[in-house]
Structure formats: C-alpha cells, structure tokens
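The next block holds one structure in the form of structure tokens; read it before the comments.
The values are calculated or read from the model by the stated rules, or taken from the named source; none is laboratory data. Everything numeric in this text was worked out from a predicted model, so none of it was measured. Here the Cβ is made from the backbone with ideal geometry for all residues, glycine too, and neighbour counts use every protein chain on show. Each accessible area value is taken on the protein alone, full model and side chains, heavy atoms only, with ligands, DNA and RNA left out. Shrake-Rupley method; radii C 1.70, N 1.55, O 1.52, S 1.80 Å.
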Amino acid sequence: MPGAISVQLYSIRNAMAEDMPVALQRIADLGFENVELFGYVDRVDAHRDALVAAGLRAPSGHARLVVSDDVPGVLDASAALGMTTVIDPSIPEEQWATRELIEASAARLNEIAKQAADRGLEVGYHNHWWEVASVDGTPGLEIFAAALDDGVTLEVDTYWAEVGGVAAPDLLRRLGDKVTHIHVKDGPATRDTKAQLPAGQGVVPVAEILAAAPEALRVIEFDDFDGDVFDGLAQSLTWLKAQA
C-alpha cells in the first residue's frame, strides 16, 4: 500500500481501554481504513471482532520480539489478526551501547523473521531516540539496519529520530527501501510528549519526510496529546491527505 495512511492505536489507548469497539468505530468515522495495533497478543478475539465491526484493517502491529519470552505466541496472534508486519516497538537502550550489542539484537530479529515467514509474516523494528545515537561514528539504527537480513524491515519513528539529533529525511534516504513504515508526528522535537502536535504544525519537516519515503506506510501517532486526541488525529489525517 504505497503511501497509505494508518494510525497507531497507542494514541487512543485510554479510549481503547474504556471501550474498544466504540474507540475503533470513532477511528473509522474519522476516515481511517488502517490501524496499527498494540497490546493485542492476549486479546485476539476482542480485537478481531472490533476491527471487523468498524471495517478496519490492521496491516501492522507492535509487540515485543527480541526480548519476548513467547515469540511463537506473538507471531500466532499477529497472523490470526491478518497482519503482514509485526514490529518490535523497543529494544532497551543499554543494548545499543556498542556495535557488538546492536548486531546481536539484529541477529536475534533475523532468527525471529524465519519463524515469522512460516506464518506469512514479516518483522520489523521501531525506534525511539536512543537508537540513533552515534556508535563508532554511525547512528546505531544504521548499524542495526546493515545487519538485518533481506525482508526484515524498519518502521522509522521520524519524530524520535529528530529528537535524537538525526535529520529524519536524510536518515530515510540513507536507509532506503529497508523502511516500509514511518511514524508521522510533529511538535517541538523534544522529549515532552504532551507538547506533540498534529502533522504540519510543529518544527519537524514532515513534508520532506514524506517525500523521502514515498512508498512507506504513513502511521500517525501521538505518544501523548494535550487536548482531544481524536481531534488531533483528524487534523493530522486531513493534513496528510492534502500532501498526497
């Protein structure tokens, strides 16, 4: 789905916890067709029913892989929900301290990718700010990417890349087609998540980011939002559609 738009449901985690079917229907009513799941592994049936009722697809989802103690369970849940890509949302910061540690995490994800392929799934990784810190003169995420097998992908969180001091458009161009998903968010490019803003309203060069990864699935996300998050998502969606 080149250039398609999705939304990370972590953005509406409070509404999801209160009433999942109602929350997902509100997402559909905003005009979304795709969502990115989180916290779904132990609630497959509930997610499937709510997705079907709202007419939504979940091509991707976040679930721990590299540090998981139940990789088969994660992969089975992901396949059962019709995903194409299951994305590890975070590897602890201390595991990005050296090239050897980074390459060990990549090797583990490569192993998991073989198990995922048996279920018709791809696997990927999503970054925060610490993965772009320099290791031996290179952003750790680029060392990681170089150690990944073909078909193991990246979801670049462009906001956290900027927070980490790396220009997201340049990073995307260097990583090339390894990037199949991007997280789209805006704001002051600080760690203050409450200060995040709808796309196009902050200092992040979102238009240039989109141009640098034209084939990637655009996943709108707020880590937090000082206001009605559904309104924030609607504003981001309207802005993104205007850029198409």
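Miscellaneous remarks
- Single residue of the stretch 4-22 satisfying the filter (small (Gly, Ala, Ser) and outside any helix (DSSP H, G or I)) that is surrounded by the most Cβ atoms within 10 Å (Cβ to Cβ): Ser6
- Any pair with Cβ under 6 angstrom, 6 or more apart, that starts in the stretch 227-244 at a residue that is touching a residue at least 24 places away in the same chain (Cβ under 8 Å) and closer than 17 Å to His183 by Cβ and ends at one that is among the hydroxyl-bearing types (Ser, Thr, Tyr) and assigned to a helix (DSSP H, G or I): Val229/Ser11
- If you go through the stretch 179-188 and keep only what is open to solvent by 20 Å² or more (accessible area, probe 1.4 Å) and under 14 Å from the mean Cα position of the chain (by Cα), you end up with just Thr180.
- The stretch 189-212 - residue that is open to solvent by 10 Å² or more (accessible area, probe 1.4 Å) and part of a helix (DSSP H, G or I) and, of those, farthest from Gln235 (Cα to Cα): Ala212
- Members of the stretch 144-171 that are in a helix (DSSP H, G or I) and either within 14 Å of Tyr125 (Cα to Cα) or open to solvent by 10 Å² or more (accessible area, probe 1.4 Å) (or both): Phe144, Ala145, Ala146, Ala147, Thr158, Trp160, Ala161, Glu162, Val163, Asp170
- Scanning the stretch 52-71 for residues that are over 16 Å from the mean Cα position of the chain (by Cα) and part of a loop (DSSP other than H, G, I, E, B), we see that the one that is surrounded by the fewest Cβ atoms within 10 Å (Cβ to Cβ) is Asp69.
- Scope the stretch 213-244; condition closer than 16 Å to Ala15 by Cβ, open to solvent by less than 30 Å² (accessible area, probe 1.4 Å) and charged (D, E, K, R); matching residues: Glu221, Asp223
- Residue selected from the stretch 122-143 under the condition surrounded by 24 or more Cβ atoms within 10 Å (Cβ to Cβ) and within 11 Å of Ala106 (Cβ to Cβ), by the criterion nearest to the chain's Cα centre (by Cα): Tyr125
Table: residues versus (1) in contact with a Ser or Thr (Cβ under 7 Å, 6 or more places away or on another chain); (2) modelled with pLDDT under 95; (3) among the hydrophobic types (A, V, I, L, M, F, W, C); (4) farther than 19 Å from Ile112 by Cβ.
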{"position": "Arg13", "(1), (2), (3), (4)": "no, no, no, yes"}
{"position": "Glu18", "(1), (2), (3), (4)": "no, no, no, yes"}
{"position": "Leu30", "(1), (2), (3), (4)": "no, no, yes, yes"}
{"position": "Val35", "(1), (2), (3), (4)": "yes, no, yes, yes"}
{"position": "Arg48", "(1), (2), (3), (4)": "no, no, no, yes"}
{"position": "Leu51", "(1), (2), (3), (4)": "no, no, yes, yes"}
{"position": "Gly55", "(1), (2), (3), (4)": "no, no, no, yes"}
{"position": "Ala58", "(1), (2), (3), (4)": "no, no, yes, yes"}
{"position": "Arg64", "(1), (2), (3), (4)": "no, no, no, no"}
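- The residue list Val135, Val163, Val152, Val206 contains one member that is of a type in the set (A, V, I, L, M), modelled with pLDDT of 95 or more and within 19 Å of Asn34 (Cβ to Cβ), which is Val206.
- Subset of the stretch 84-96 [open to solvent by 10 Å² or more (accessible area, probe 1.4 Å) and in a loop (DSSP other than H, G, I, E, B)]: Thr84, Pro89, Ser90, Pro92
- Among the residues listed as Ala23, Ala53, the single one being farther than 18 Å from Leu233 by Cα and aliphatic (A, V, I, L, M): Ala53
- Here Val74 fulfils each of the conditions (1) surrounded by 17 or more Cβ atoms within 10 Å (Cβ to Cβ); (2) not in a helix (DSSP H, G or I) apart from (2).
- Subset of the stretch 97-106 [open to solvent by 10 Å² or more (accessible area, probe 1.4 Å) and touching a residue at least 12 places away in the same chain (Cβ under 8 Å)]: Ala97, Thr98, Arg99, Glu103
- Which listed residue is free of Cβ contacts under 8 Å to residues at least 40 places away in the same chain and hydrophobic (A, V, I, L, M, F, W, C), from Leu121, Leu141, Leu148, Leu109: Leu141
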